[in-house]
1. Taking region 144-180, which residues are among the basic types (Lys, Arg) and within 22 Å of VAL105 (Cβ to Cβ)?
2. Of the residues LEU19, LEU47, LEU8, LEU31, which single one is of a type in the set (A, V, I, L, M), out of contact with any Leu (no Cβ under 7 Å at 6 or more places or on another chain) and at pLDDT 95 or above?
3. Specify which of the listed residues (ALA85, ALA48, ALA15) is exposed (fewer than 14 other Cβ atoms within 10 Å of the Cβ) and away from the ligand (no atom under 16 Å from the Cβ).
4. Out of region 203-226, which residues are among the small types (Gly, Ala, Ser) and open to solvent by less than 10 Å² (accessible area, probe 1.4 Å)?
5. Being surrounded by fewer than 15 Cβ atoms within 10 Å (Cβ to Cβ) and outside any helix (DSSP H, G or I) is the filter here, so list the residues in region 263-285 that pass it.
6. Mind checking which residues of region 139-177 are open to solvent by 30 Å² or more (accessible area, probe 1.4 Å) and within 21 Å of ARG42 (Cα to Cα)?
7. Hey, which of the helices (runs of 4 or more DSSP H) in region 157-231, taking only ones fully inside, have at least 1 residues that are over 16 Å from the mean Cα position of the chain (by Cα)?
8. Return the residues of region 243-255 that are in contact with a helix residue (DSSP H, G or I) (Cβ under 9 Å, 6 or more places away or on another chain) and under 11 Å from LYS213 (Cβ atoms); say none if nothing qualifies.
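The values are calculated or read from the model by the stated rules, or taken from the named source; none is laboratory data. On a predicted model such as this, the values are computed, not experimentally measured, just so you know. Methodologically, a virtual Cβ is constructed for each residue, glycine included, from the backbone with ideal geometry; neighbour enumeration extends over all protein chains shown. Calculation scope for accessible area: heavy atoms of the full protein, side chains included, ligands and nucleic acids excluded. Shrake-Rupley method; radii C 1.70, N 1.55, O 1.52, S 1.80 Å.
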Amino acid sequence: MATVDTTLPGNTSGAAAALAAAHSAEHPLKLYGGWFCPFVQRAWIVLAEKRIPHQYVEINPYHKAPEFLALNPRGLVPTLEVPPADADANNNKNKQPKPLYESTVVCDYLDEAFADPGPHGPRLLPENDVYERARCRLWIDHICSRVVPAFYRLLQHTGDKPYSLDEGRRGLHGHLRAFADEMLEHGDEDGGGPWFLGARFGLVDVMLAPWAKRLWLIDYYKTGGTGIPSAAGTPGDDATWARWRRWFDAAVSRQSVVDTWSSEDQYVEAYRRYADDTTQSEVGQATRQGKSRLP
Ligand SMILES: N[C@@H](CCC(=O)N[C@@H](CS)C(=O)NCC(=O)O)C(=O)O
C-alpha cells in the first residue's frame with residue numbers, strides 16, 4: 001500500500017477553492033476528492049456541467065483512513081457517496097449511504113442519475129443513438145487504456161528507463177493523433193464544433209480534459225516537452241495536429257475545467273514526484289513497473 005504523501009499541499013486553491021467552498025455544506029451526495037487528481041477532476045467536471053447539488057469533501061487519498069477504505073476498498077479518489085434511494089422518504093437511519101468509485105463509473109452514473117434536461121442540461125452520452133453511444137465508449141476506452149498510460153510513461157521518463165524520451169513522446173503522439181483523426185473523420189456530422197461530438201460537449205471530452213490540462217507539466221519537466229506542434233506552420237504540423245489543437249484549446253478553457261483547477265504552482269509541486277519517478281501513487285507505481293493497465 002502506498003505511503004502517505006505529506007509533501008502534498010493540503011487543499012484546493014484558486015478557482016477550485018471557490019468551487020469547493022460553494023459546495024462545502026452538508027449534502028447527501030458527496031464527492032471525496034483530491035485537488036491534484038485528474039481522475040477526480042473528471043467527476044467534478046460532470047458535477048459542474050450538470051449543475052448537480054453535492055458536497056465536495058477534500059481528502060488525502062494516500063492516508064488510507066478506515067472510514068475511506070470502508071467506502072472504497074481500493075482506497076482511491078474519486079469516491080462518490082450516494083444517498084440511499086428512499087432516505088428522504090423514510091428518514092430511515094439504518095439505510096447506509098452507497099459508495100461508487102472509478103472515475104468512468106462515477107461519471108456514467110452521474111450522467112444517468114441526473115438526466116432531467118431541465119436542471120441538468122443535455123446528456124453527456126448521446127441518449128438516442130446506440131451506435132454513437134458505443135462509439136463514445138470505444139474512445140473513452142482509448143483514452144483510459146492508451147492516452148492516459150502514455151502520459152504517465154512520458155512524464156515518469158528518467159535516464160534509466162528501457163525506452164527513450166523520444167519513444168515516450170512518440171507513444172503519446174500516436175494515441176492523441178488517433179483521437180484527432182477520429183474527430184476529423186466525423187468532423188461535419190454535428191455542426192463542426194471543437195468537441196468529440198462536434199458542437200456537443202460530452203463524456204469523451206470530460207475523460208480526456210484533465211490530462212490535456214496537465215500537458216504543460218511535460219513541457220515544464222521534460223527536455224523537448226510534449227513535442228506537439230503548437231501552431232499552424234510549426235515543423236511537423238498537419239491537419240491531424242490542427243484538429244487536436246482545436247479540441248485542446250476548447251477543452252482547457254471550458255468553464256467546468258477552469259473552475260475545477262487550482263493554482264499552477266501547486267501542480268508543479270505535486271507532479272515533481274512523477275517527473276523524477278519517485279511517486280508512491282498506485283498509478284505511478286504501475287507505470288514504473290511497465291504495466292499496461294493502470295489501477
Ligand atoms: N482508476 C481510478 C484511478 C484513481 C486514482 O488513481 N486516484 C489517485 C489520485 S490521482 C489516488 O487516489 N491515489 C491514491 C494512491 O495511489 O494510493 C479511477 O479512474 O478513478
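1. Of everything in region 144-180, just one residue is among the basic types (Lys, Arg) and within 22 Å of VAL105 (Cβ to Cβ), namely ARG146.
2. LEU19
3. The match here is ALA85.
4. Of everything in region 203-226, those that are among the small types (Gly, Ala, Ser) and open to solvent by less than 10 Å² (accessible area, probe 1.4 Å) turn out to be ALA209, ALA212, GLY225.
5. ASP276, THR278, GLN280
6. TRP139, ASP141, CYS144, SER145, ARG146, ARG153, HIS175
7. Where helices (runs of 4 or more DSSP H) fall fully within region 157-231 and carry at least 1 residues being over 16 Å from the mean Cα position of the chain (by Cα), they are 165-185, 216-221.
8. PHE248, ALA251, VAL252, ARG254, listed by residue number.
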